[in-house]
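Structure, as structure tokens:
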Amino acid sequence: MRLDGEKGERHTLTAQFADSPQGARLARRLAVRWMEEWGYPPESDVSCAVALVVGELAANAVQHGHVPGHDAGLLLALDEAAGLVRVELADAASAEGLPTAAPSSCPEGESGRGLLLVDILAVRWGVVPRHPAGKTVWAELSSVITAPQ
């Protein structure tokens, strides 16, 4: 795990986690812990949104991006000046055939809502190939806490 940044600057966390459900849970817990270190309590809207996006992307990496013998990677970056939190989940599976937009899901379906949630919570998101192999799914969320209306 690596952490960079000073208050008022860009903070960055990188971590590797096992390509397993336990690893995905660890990625989400690390994200919440570091958001708290950066001034966002676990119960804050920003921390909850980041936890949900990390959890969804990590679960997708485990379920759809599993390649035996390869871990997944998490990057979490807070850019205070831009008011954004960037989440990146990297795995070793190919980026071919990935959606570029959130899929519509069947209301009665048991799955298929993860990227829809990411699409709702994120300012923007996407998928990029990693070299020499794999992909990174990223999302940017607002780090600005808005008052309830």
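Some notes on this structure:
- Taken together, 31, 93, 15 contain a single residue that is part of a loop (DSSP other than H, G, I, E, B) and open to solvent by less than 50 Å² (accessible area, probe 1.4 Å), which is 93.
- Meets criteria (under 20 Å from residue 92 (Cβ atoms) and in contact with a helix residue (DSSP H, G or I) (Cβ under 6 Å, 6 or more places away or on another chain)) for residue 53: no
- Among residues of the stretch 66-114, those that are at pLDDT below 85, within 12 Å of residue 53 (Cα to Cα) and not small (Gly, Ala, Ser), counted: 1
The values are calculated or read from the model by the stated rules, or taken from the named source; none is laboratory data. Everything numeric in this text was worked out from a predicted model, so none of it was measured. Every residue, glycine as well, gets a Cβ built from its backbone with ideal geometry; the counts of neighbours run over all protein chains shown. Heads up: the accessible areas ignore ligands, DNA and RNA and are worked out on the full protein's heavy atoms, side chains in. Shrake-Rupley method; radii C 1.70, N 1.55, O 1.52, S 1.80 Å.
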